Amino acid sequence: MSWWSSNVDVPAILESCGECAICCELLYEPFTAPCGHSFCRRCVVASLRHSAKCPSCRTTWQGIPAAPPVNATLAALLARLAPEAYAARGAAAAPLEHKPVARVGLFVLDHMLPKQRMKIHVFEPRYRRLVKRSLERDPPTFGIVGATPDNVMASVFCECEIVECTETPDGRYFCECVARRRRRIARDWVGDDGFRVACVEDLADDAAGDADAADAARLVTDLDGRLDLWLRRCRAGGWGASATLDAVLDDLGPRPAAAGPAVDAEAYGLYAAALINPLPPLGVAPEVRLDALRATDSLARLRLVDRALALSLRHLDPQRRATAVLANGLLRLARAAAALLLAPLASAHAAVASFVSRVARPISDVAGSQ
């Protein structure tokens, strides 16, 4: 018995169902995501480096493996319907990169950038078990991961090293952690100890072309001077005590080179993002840690930091702040003057109301007795 229609329009089927929405070519080694949409698995790997959402319906993907499995049935169907095109796609396809995968326990807390430092009071039983397991590793590490604006656990995080740890008699921990390197989650699950565990890959920026590298180098040079201005304005405006800024600078270490052949656009962008968004935050710059963390384009990250720094410098501008203080002072003065002018009217209104109520009460009593 045949289930196929006798008038199958193969080109129409391939055009409507056989095209990858990412590369806009015939699906090759198709992977079908949990949301039901199918893409070339190489395209899925590349897409996950930038976002964990489906490119078609924007559903958040969870648990996609580092090497997505091929939908064998769909692949066989495509190879039968378009044998020459499918073979050509296979001949042109680059080998699928298999990056080393490691297993890391996750502490769901906040976003951290490399070299940032955080002090944590660990009291939840599951995270106490996580710290205990981490202290058995050499070096003692675990992942600290934050949430996206959609309140979904991010697919990228920093693996952190415990540099100082004190255990209390009742089993709690006071830990100081330093973020060491960026990682991307290939898949994750809740382990037997109650905390999330993930198979992860190293996360690094993609290689830049000559034009992008030149633009990045120019932007680094421009950012370098404005970071110095930002630090001066923070100190002068009282945003964070000097000791706090000094501690942040000590944690981040020497600023990456901003000129010459040693310019590292990835390192500089991450450093600048960590400086204007320190932990704990100063509250003077837009929050860019998550976007800076998951970016794999050095130039795009530098532009992100450039925009955030421009807004922060405008916020910290002494002249603008003085104008704002003056405007707020005038507004408070106007409100006080209005209150003084209206106070007599309010008193007169209260006196009249009291008089009317005293006069009206006997009249109502007489009317009631009649």
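Annotation note: of Val44, Val70, the sole residue that is in contact with a helix residue (DSSP H, G or I) (Cβ under 7 Å, 6 or more places away or on another chain) and either within 17 Å of Gly18 (Cβ to Cβ) or assigned to a loop (DSSP other than H, G, I, E, B) (or both) is Val70.
For Leu249, are the conditions met, namely being of a type outside the set (Ser, Thr, Tyr), under 23 Å from the mean Cα position of the chain (by Cα) and within 23 Å of Arg294 (Cβ to Cβ)? No: the conditions fail for Leu249. Candidates Arg133, Arg129: the one that is more than 19 Å from the chain's Cα centre (by Cα), closer than 13 Å to Phe107 by Cβ and surrounded by 17 or more Cβ atoms within 10 Å (Cβ to Cβ) is Arg129. The number of residues in segment 132-172 being of a type in the set (Ser, Thr, Tyr), more than 20 Å from Arg58 (Cβ to Cβ) and touching a residue at least 12 places away in the same chain (Cβ under 8 Å) comes to 2.
Every residue, every condition in (1) in contact (Cβ under 8 Å) with a residue 24 or more places away in the chain; (2) not small (Gly, Ala, Ser), yes or no:
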position: His37; (1), (2): no, yes
position: Ala46; (1), (2): yes, no
position: Cys57; (1), (2): no, yes
position: Pro69; (1), (2): yes, yes
position: Ala87; (1), (2): no, no
position: Ala102; (1), (2): yes, no
position: Phe107; (1), (2): yes, yes
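Among the candidates Arg137, Arg133, Arg181, Arg129, the residue that is among the charged types (D, E, K, R) and under 21 Å from Val45 (Cα atoms) is uniquely Arg181. Flag not set for Arg232, criterion: surrounded by 14 or more Cβ atoms within 10 Å (Cβ to Cβ), free of Cβ contacts under 8 Å to residues at least 60 places away in the same chain and of a type in the set (D, E, K, R). None of Gly329, Gly260, Gly269 is touching a Leu at 6+ places or on another chain (Cβ under 8 Å) and either at pLDDT 80 or above or part of a helix (DSSP H, G or I) (or both) except Gly269.
When segment 283-299 is filtered for residues that are over 17 Å from Tyr268 (Cα atoms) and under 15 Å from the mean Cα position of the chain (by Cα), the ones remaining, listed by number, are Ala285, Pro286, Glu287. Being within 21 Å of Ala292 (Cβ to Cβ) and either surrounded by fewer than 17 Cβ atoms within 10 Å (Cβ to Cβ) or among the small types (Gly, Ala, Ser) (or both) narrows it down to one of Val108, Val145, so name that one. Just one listed residue meets the conditions, Val108.
When Val200 is tested against (1) at pLDDT 95 or above; (2) under 30 Å from Ala67 (Cβ atoms), just one condition goes unmet, and that condition is (1).
Screening the candidates Pro55, Pro30, Pro68, Pro34 for the property of being of a type outside the set (Asp, Glu), within 23 Å of Glu201 (Cβ to Cβ), buried (at least 18 other Cβ atoms within 10 Å of the Cβ) and in contact with a Cys (Cβ under 9 Å, 6 or more places away or on another chain) yields one hit, Pro30.
Considering each residue of segment 101-113 in turn, at least one proves to be among the small types (Gly, Ala, Ser) and within 27 Å of Cys43 (Cα to Cα). Being in contact with a Pro (Cβ under 7 Å, 6 or more places away or on another chain) and modelled with pLDDT of 95 or more holds for only one residue in Arg187, Arg180, Arg172, and it is Arg180.
Entry remark, segment 124-178: residues being under 20 Å from Met112 (Cβ atoms), assigned to a loop (DSSP other than H, G, I, E, B) and among the basic types (Lys, Arg) number 1 in total.
The values are calculated or read from the model by the stated rules, or taken from the named source; none is laboratory data. Bear in mind the structure is a predicted one, so any value in this text is a computation, not a measurement. Reconstructed Cβ throughout: ideal geometry from the backbone, glycine too, with neighbour counts over all protein chains shown.
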